[in-house]
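As structure tokens, the structure follows; a few thoughts come after it.
The values are calculated or read from the model by the stated rules, or taken from the named source; none is laboratory data. Note that the structure is a prediction, hence the values are computed from the model and not measured. A quick note on method: Cβ atoms are made from the backbone with ideal geometry, for glycine too, and the neighbour counts reach across all protein chains shown. Each accessible area value is taken on the protein alone, full model and side chains, heavy atoms only, with ligands, DNA and RNA left out. Shrake-Rupley method; radii C 1.70, N 1.55, O 1.52, S 1.80 Å.
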Amino acid sequence: MDLIQLSGNKASKLKQLSYMASFAYCRTVIYLAMLELSRCIRRQDNWWNLFGCPKTRAQWTAEALVEPMVVRVPDQNLSIWLIPHQVEYVLKELQGYASLRDVHNNCQVSCFERIWELQAILDNPVRASLNYKLSRFLETLLDKLGKVFSS
């Protein structure tokens, strides 16, 4: 492999671009704390209906301001206090996430970039049927095992 030797202005520009690129995906701890608040809210069942209620929004705001958000950074956890303006920004952002939900397939944008998530892969009737069949299977399996070990 040949190494290219850069000098002078080209080397300086390359170093500057490299430095700028290293920060292209960096996020402030405040931003990470705001993401954590969004994640906590969107992990709640039926959050998309709850966030429209002013009383619920006030409760979420109060809870977010009472204790810090814990943000994981390399080698440690940081406790970050959000201010009311930041909490309100997160709550307003929920409208966009709610509009992105795919109601037909019961999925939504995850709190992680470029990922969609489902609450359940199987709908309730299919899950109930599967649970019933599994419980029947386990009952017959236990009966058969009991007969094998008793003989």
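Our coupling estimate for region 66-78, obtained by passing each phi through the Karplus curve with A = 6.51, B = -1.76, C = 1.60 and θ = phi - 60°, is 7, 9, x, 7, 9, 10, 8, 10, x, 6, 6, 10, 10 Hz, Gly and Pro reported as x. Note on I30: accessible area is roughly 60 Å² with a 1.4 Å probe, heavy atoms of protein only. In order along region 129-140, the phi-based Karplus estimate (6.51 cos²θ - 1.76 cosθ + 1.60, θ = phi - 60°) of 3J(HN,Hα) comes to 5, 4, 4, 4, 5, 5, 5, 5, 4, 5, 4, 5 Hz; Gly and Pro are listed as x. Taking all protein chains into account, the per residue accessible area for region 24-143 stands at 71 Å² (1.4 Å probe).
Over region 40-151, Cα pairs under 8 Å with separation of 6+ residues give a relative contact order of 14 percent. If you add up the charges near L94, with Lys and Arg at +1 and Asp and Glu at -1, over every other residue whose beta carbon is less than 12 angstrom from its beta carbon, what do you get? Cβ neighbours under 12 Å give a net charge of +3. Between E93 and S110, the simple spin-label model (points 7 angstrom out along Cα→Cβ) gives 1.7 nm.
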